[in-house]
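What follows is a single structure, written as structure tokens, with notes after it.
The values are calculated or read from the model by the stated rules, or taken from the named source; none is laboratory data. Quick caveat: nothing in here was measured; it's all calculated off a predicted structure. Quick reminder, even Gly has a Cβ in these numbers, built from the backbone with ideal geometry, and neighbours come from all protein chains shown.
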Amino acid sequence: MYPASIRNEATRLRDAGESWSGIARKLGVHRSTLRDWQAGRSARTNDCAICGPCELDEEAYAGLLGFYLGDGCVSRAARTYFLRVACDATQPGVIADVTDLIRRVRPEGRVFHPRAPGVTVVQSNWQHWPCLFPQHGPGRKHERPIVLEEWQRRIVKAHPASFLRGLFHSDGCRVINSTKRPVAGVMKEYRYPRWQFVNASGDIRELCCWALDLVGVAWRRSNPRVISVSRREAVEALDALIGLKS
């Protein structure tokens with residue numbers, strides 16, 4: 001996604017006789033993207049109030065939005081913004097997934113992996129991350145309203161499985177519950193899987209429930225902060241939609 005000023009400058013430079021390579025070096029935009037702009041082939045999906053029309057891989061964005069709401073943040077730096085998603089260092093599959101989603105949403109950018117004890121942070125620097133995640137702001141997410149813009153809701157409706165994968169693979173877990181019941185006078189133990197989504201923000205929990213409703217997966221509230229998917233058929237359906245964390 002690029003602001004209208006960059007597109008206009010690219011047009012001005014091209015009209016002045018600048019080569020695609022020269023414009024790409026000056027503006028930091030891939031030559032193929034510049035040519036697509038001129039040919040009018042850009043797949044514009046929404047209008048950002050700050051950047052203007054933008055290009056977006058919607059399926060990747062839906063997943064990244066889920067990860068952002070779960071364990072992500074957007075923070076200000078001197079000349080740009082950082083998108084950071086904290087991942088369990090023992091789950092390389094999740095780290096690879098977040099990395100891939102960021103690269104699909106912003107193909108021109110670089111992805112970094114700073115580390116802390118037990119954690120690998122997937123990070124990308126870009127001045128327009130706040131445009132893609134208008135939910136960012138000071139303080140913790142559960143201390144402020146989290147409401148999706150209409151264009152974000154449209155994307156989640158189109159790609160609920162990706163959104164749910166981001167939520168459950170960040171702030172969720174798949175556990176094995178056990179219970180004992182008497183059968184013919186003998187106590188038997190039964191074990192069954194369950195997905196749980198845990199988040200302190202009531203707004204984010206509601207978004208999780210809304211997305212589960214979109215795909216027809218039954219859920220219930222285990223306690224005020226936990227959304228559980230426990231029925232066998234519901235667990236199997238969610239497994240198929242989002243895969244297991246690894």
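Note on segment 135-183: among residues that are among the aliphatic types (A, V, I, L, M) and farther than 19 Å from residue 222 by Cα, the one that is modelled with the lowest pLDDT is 183. Out of the residues in segment 13-31 that are more than 23 Å from residue 131 (Cβ to Cβ) and either touching a helix residue (DSSP H, G or I) at 6+ places or on another chain (Cβ under 6 Å) or part of a helix (DSSP H, G or I) (or both), state the one that is modelled with the lowest pLDDT. Taking the candidates together, the pick is 31. For the residues 194, 205, 181, 221, the requirement of being outside the structural domain of residue 96 (by TED's automatic domain parsing), surrounded by 15 or more Cβ atoms within 10 Å (Cβ to Cβ) and in a strand (DSSP E or B) singles out 194. Against the numbered list (1) over 11 Å from the mean Cα position of the chain (by Cα); (2) within 23 Å of residue 209 (Cβ to Cβ), residue 67 comes up short only at (1). Just one of the listed residues (129, 151) is under 13 Å from the mean Cα position of the chain (by Cα) and either under 24 Å from residue 203 (Cβ atoms) or surrounded by 19 or more Cβ atoms within 10 Å (Cβ to Cβ) (or both), and it is 129. Residues that are part of a loop (DSSP other than H, G, I, E, B), out of contact with any Phe, Trp or Tyr (no Cβ under 8 Å at 6 or more places or on another chain) and either of a type in the set (D, E, K, R) or under 17 Å from residue 155 (Cβ atoms) (or both) within segment 84-134 comprise 108, 110, 134, listed in sequence order.
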